[in-house]
1. Let me spell it out: the conditions are (1) within 11 Å of Tyr148 (Cα to Cα); (2) within 13 Å of the chain's Cα centre (by Cα); (3) open to solvent by 40 Å² or more (accessible area, probe 1.4 Å), and Arg87 meets all of them except one. Which number is the exception?
2. Pull out all pairs, ordered by first then second residue, where Cβ-Cβ is under 6 Å, the residues are six or more apart or on different chains, the first lies in region 92-121 and is aromatic (Phe, Trp, Tyr) and outside any loop (DSSP other than H, G, I, E, B), and the second is surrounded by fewer than 18 Cβ atoms within 10 Å (Cβ to Cβ) and modelled with pLDDT of 85 or more.
3. Looking at this structure, is Asp11 at pLDDT below 95, surrounded by 13 or more Cβ atoms within 10 Å (Cβ to Cβ) and out of contact with any Cys (no Cβ under 9 Å at 6 or more places or on another chain)?
4. Only one of (1) of a type outside the set (A, V, I, L, M); (2) modelled with pLDDT under 90; (3) under 16 Å from Lys59 (Cα atoms) fails for Ser110. Which number is that?
5. Just to be sure, is Leu75 at pLDDT 95 or above, at negative phi, surrounded by 17 or more Cβ atoms within 10 Å (Cβ to Cβ) and of a type in the set (A, V, I, L, M, F, W, C)?
6. Assuming Gly16 fulfils every condition listed in (1) part of a loop (DSSP other than H, G, I, E, B); (2) modelled with pLDDT of 90 or more apart from one, which condition is it?
7. Please specify each residue of region 49-68 satisfying the condition of being open to solvent by 30 Å² or more (accessible area, probe 1.4 Å), touching a Leu at 6+ places or on another chain (Cβ under 7 Å) and either in a strand (DSSP E or B) or under 14 Å from Asn114 (Cα atoms) (or both).
Amino acid sequence: NAAGMTSETLDHYEEGTWTPTISFGGGTTGITYDTSGQDQTSGYYIRVGKLVLISATIKLTSKGSSTGGAVISGLPFNTMNANDGARASGTVGYLEGMSLGAPMVILPASNGSNITLRQINSSTYDSASSLTSSNFNDNSRFFFSLTYLAG
């Protein structure tokens with residue numbers, strides 16, 4: 001037994017698919033996705049205990065008419081409460097058809113099933129601002145992965 005260890009039993013293993021969706025300012029009016037082909041909108045996950053690894057592709061065919069902050073919904077498991085020390089951020093492996101001035105990061109909500117899309121401040125790297133519908137086009141596509149703790 002390692003110091004501080006409370007269990008040696010693997011109490012939860014699961015893998016499967018999930019469907020990521022995007023909204024702008026909470027709205028989804030007119031948003032459509034590519035759901036066929038090699039780079040279709042899709043998501044996969046693996047969960048071991050409380051640790052969850054997700055990967056996904058979002059490929060828009062129309063960004064619709066909603067405006068405001070960009071949020072991805074539909075995580076396969078809610079995140080742990082940030083007050084419990086659960087912090088996470090993900091990486092974007094590829095993107096196209098987007099207007100960005102700095103790297104994009106993904107941040108899961110505390111104790112929720114949403115991901116906020118943000119852009120790092122390219123001059124100071126000490127803050128990030130929300131991406132909005134104006135950063136996206138009708139053909140926007142991006143791949144991402146995230147590891148987080150389930151609540």
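The values are calculated or read from the model by the stated rules, or taken from the named source; none is laboratory data. None of the values given here were measured: they were computed from a predicted structure. Here the Cβ is made from the backbone with ideal geometry for all residues, glycine too, and neighbour counts use every protein chain on show. SASA here: full protein model, heavy atoms, side chains in, ligands and nucleic acids out. Shrake-Rupley method; radii C 1.70, N 1.55, O 1.52, S 1.80 Å.
1. (2)
2. So the pair list comes out as Tyr94/Phe143.
3. Working: at pLDDT below 95: yes; surrounded by 13 or more Cβ atoms within 10 Å (Cβ to Cβ): no; out of contact with any Cys (no Cβ under 9 Å at 6 or more places or on another chain): yes.
No.
4. (3)
5. Values: at pLDDT 95 or above: no; at negative phi: yes; surrounded by 17 or more Cβ atoms within 10 Å (Cβ to Cβ): yes; of a type in the set (A, V, I, L, M, F, W, C): yes.
When the stated conditions are applied, Leu75 does not pass them.
6. The single condition Gly16 does not satisfy is (1).
7. Matches in region 49-68: Leu51 only.
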